[in-house]
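S.K.: This is the structure I have questions about; it appears just below.
Where a number appears in this text, it was derived from the coordinates with a stated rule and is not lab data. Values in this document were obtained by computation on a predicted structure and should not be read as measured data. Glycine gets a Cβ as well: all are built from the backbone with ideal geometry, and neighbour counts include every protein chain shown.
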Ligand code: CLF
Ligand code: SF4
């Protein structure tokens, strides 16, 4: 049985409403590869795969279990084991395999998974069956014209789609998937990357739509301008604050996001212990993690 939102508010650092939480999380980088192309995403994992050694930062589900064991020893405040990439968690089977092992070894650890949502309807039953406690879906727009400016293409069931055609599929699957898992009792958080030049005035519509679909909490992540969106600006504190306020009319808002790396460990914003966990941690500064 998944943990309720009320429980997560107390024990999950990214589901706390109001005060910053002192609970920690360990991210397990078991998911390489992605099935969509976000214009702001510059995953270093593909580049790094070409250089010797650094690919070892992608770990297997079995290694992930040992990482969790060590992480809770190093940082007893860790209450959550999360998979936030570096790619999408549903493209490969490793994230769900990891959670199955963790459930067995550490029944009290909160199992947190994040995804772009393209395959969420396909995997909803498995996610529910594994007992994922908290699921984050990154939804950057619910209007296909706006989404097409953020995501260039999706690969879905073996076919590549571009532009608005891709956006229609992605948005539908995200909302259908959120509906399905939240109806079954999984607590859903939605992340939206706030892009001043593209979706800033649309974020309240996203908040409304995902709330209606069953999401419980909403996280607005300021854009790091890079890759194909390097022409965009980083949102100002004022814009972030105004956008959060507008979204809050529809859904509770999480305000302490640290834009974590896919291999982060410790209390978000506090001392990071990942270097002691991963032999050759990937340097992924300024990259995106679904969180
Ligand atoms: Fe990790 Fe994300 Fe789970 Fe948290 S992070 S998978 S929900 S355990 Fe948290 Fe980090 Fe922000 Fe993510 S501070 S980037 S929201
Ligand atoms: Fe894939 Fe996430 Fe990068 Fe988008 S941000 S391309 S969903 S890894």
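S.K.: For the chain, what is the percent of antiparallel DSSP beta bridges, rounded to the nearest 5? Write out the running numbers ahead of the final one.
M.R.: Values: 9 of 36 bridges.
Rounded to the nearest five, the antiparallel share is 25 percent.
S.K.: Using only Cα atoms, what Kirkwood radius does the chain have, in angstroms? Intermediate results must be reported in sequence, preceding the final value.
M.R.: Values: mean 1/r = 0.0534 Å⁻¹.
Result for the chain, one decimal place: 18.7 Å.
S.K.: What spacing in nm lies between the two simple spin-label points modelled at residue 155 and residue 62, each 7 Å away from Cα in the Cβ direction?
M.R.: Taking the two extended label points, one gets 2.7 nm.
S.K.: Right, something else. Per DSSP H run of at least 4 residues, take -39500 (n - 2.57); add these up for the chain, divide by its residues and hand me the 222 nm value, nearest 500 deg cm²/dmol.
M.R.: Working: 9 runs with 100 residues, N = 291.
Calculated at 222 nm, the ellipticity per residue is -10500 deg cm²/dmol.
S.K.: Between residue 242 and residue 271, what is the label-point separation in nm under the 7 Å Cα-to-beta-carbon projection?
M.R.: According to this spin-label approximation, the distance is 4.1 nm.
S.K.: While we're looking at this one, here's another question. At q = 0.11, 0.13, 0.15 Å⁻¹, what log₁₀ I(q)/I(0) does region 51-210 have when each alpha carbon counts as one equal point scatterer in the Debye sum?
M.R.: Rounded to two decimals, the profile gives -0.49, -0.67, -0.86.
S.K.: Taking R0 as 45 Å, what's the FRET efficiency between residue 208 and residue 105 from their Cβ-Cβ distance, rounded to 0.05? Before the final figure, lay out each step's value.
M.R.: Values: r = 40 Å, r/R0 = 0.88.
My answer for the efficiency is 0.70.
S.K.: While we're on this one: Can you give me the distance in nm between label points at residue 227 and residue 126, each placed 7 Å from the Cα along the Cα-to-Cβ direction?
M.R.: Each label point is offset 7 Å from its Cα along the Cβ direction, giving 2.3 nm.
S.K.: If packing is taken as the average number of other Cβ atoms within 10 Å across a peptide's residues, how do 79-89, 95-105, 133-143, 160-170 rank, most packed first? Please list the in-between numbers first.
M.R.: Details: 79-89: 26.7, 95-105: 19.5, 133-143: 24.8, 160-170: 17.5.
Most protected by this proxy first, the peptides run 79-89, 133-143, 95-105, 160-170.
S.K.: Could you state the number of Å between the C-alpha centres of region 63-90 and region 1-43?
M.R.: 11 Å
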